[in-house]
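The values are calculated or read from the model by the stated rules, or taken from the named source; none is laboratory data. Computed from a predicted model, the values in this text were never measured in an experiment. Here the Cβ positions follow ideal geometry from the backbone for every residue, glycine too, while neighbour counts run over all protein chains shown.
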Amino acid sequence: MIGLKEIAKLADVSISTVSNVLNGRKNVGRETRERVLKICSEYGYTPSSAAKKQKPGASRTIVFVFSDFDRDFYLKIIQGLSDCLTENGYDLIICTNKSSGNFLRASFASGAIILDGSMTDEVVVSAASSEMPVVMMDRILDNERLNASSVVVDNYPVMCDMVQALVDKGFRKFGFIGGLSFTLDNKERFAGFADTLARNGIPFDQKYYFHGNYRENSGYQAAKLMLLSNDLPEIVVCANDNMAIGAIRAFEENRLRVPEDVSVTGFDDSDTAAVAGLTTISIPRYETGYLAAKKLLELIQGTAVKEPFKISASIKWRKTVR
């Protein structure tokens, strides 16, 4: 069945323009409007059920709350969110935690998608309601009364797979640079790391565990601390790419070669990671955003299964592992 993307391509316009035409907005020229409507008629396209079921007079706005410290990471996620929502006749408002109080209310929006570890569970719980469903992308809340669900990365199995592959390559002396300790991502990634070493009978010395905050500088500082001991691990597994890039910078400043002297891995597969040749775990960020928006629309319609949806990830082997 034809969708908005195909219609936009045939009409040589953007998806948002097609959405504006189908929603009767007046910001589209007459010729463009007629061209889009003609294509819809020829291909038998009708608006999706999500748009049809929207209550008259209800808001057609969705709020996405994200952390502002690493905007590049969010670009593909936002594109996935935007495409799904546009296809279904909704607008997207993007804000940070600092300004979210102005938007997380049913009078403004139909629902919210949250990917911000600094937002407390209490704020999420207070925002989620029958009029304001919420999809979380960074946590799972065990509260059946909430009108909420989660779309999160399935961190544990892919981290187990990567660490097992590293063990099979002959690594025995591991370091770990973690993110914020309270986040679901860090808990699951470290659990996969530690459990796999334990299953292989490889002890992990806690002196090689350093906490960061997912920013590049925290990885840099963690690696600098490792260097003070004069007893480096063979490989440093990092809970995200930013910290891995920071660690590599610290090692190279001290004339250590990566991967000849110390290997490094990340998690996320950012654009920077690809340029740096970083071995990492790739998250399908566009698809994750699209599925989070789809889940929220199902909550709005009352058709969603509230169980969390876990996104599979894959390993990207590059040049920072020998």
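Details
- Qualifying residue in the stretch 110-127 (condition: under 15 Å from residue 297 (Cα atoms) and modelled with pLDDT under 90): no
- Taking the listed residues 245, 283, 235, the one that is under 16 Å from residue 166 (Cβ atoms) and aliphatic (A, V, I, L, M) is 235, with no other qualifying.
- Residue count, the stretch 95-146 (criterion: buried (at least 17 other Cβ atoms within 10 Å of the Cβ) and of a type outside the set (Phe, Trp, Tyr)): 27
- Where a residue in the stretch 81-108 is closer than 25 Å to residue 287 by Cβ and its partner, wherever it lies, is assigned to a helix (DSSP H, G or I) and basic (Lys, Arg), with Cβ under 8 Å and at least six apart: 83/5; 84/294; 87/5
- Cβ separations smaller than 9 Å between residues 6+ apart or across chains give the following pairs from the stretch 250-261 residues that are at pLDDT 95 or above to residues that are of a type in the set (Ser, Thr, Tyr) and not in a loop (DSSP other than H, G, I, E, B): 250/220; 253/220; 259/279.
- Selection status of residue 290, within 15 Å of residue 64 (Cβ to Cβ), surrounded by fewer than 21 Cβ atoms within 10 Å (Cβ to Cβ), touching a helix residue (DSSP H, G or I) at 6+ places or on another chain (Cβ under 6 Å) and not β-branched (Val, Ile, Thr): no
- Residue within the stretch 223-238 that is more than 24 Å from the chain's Cα centre (by Cα), buried (at least 21 other Cβ atoms within 10 Å of the Cβ) and over 19 Å from residue 276 (Cα atoms) present: yes
- Filter result for residue 181 (without any contact (Cβ under 8 Å) to a residue 60 or more places away in the chain and surrounded by fewer than 22 Cβ atoms within 10 Å (Cβ to Cβ)): yes
- Candidates 172, 189, filtered to the one that is at pLDDT 95 or above, in a helix (DSSP H, G or I), out of contact with any strand residue (DSSP E or B) (no Cβ under 7 Å at 6 or more places or on another chain) and not acidic (Asp, Glu): 189
- Of the residues making up the stretch 162-195, just one is touching a helix residue (DSSP H, G or I) at 6+ places or on another chain (Cβ under 6 Å) and more than 26 Å from residue 117 (Cα to Cα), namely 164.
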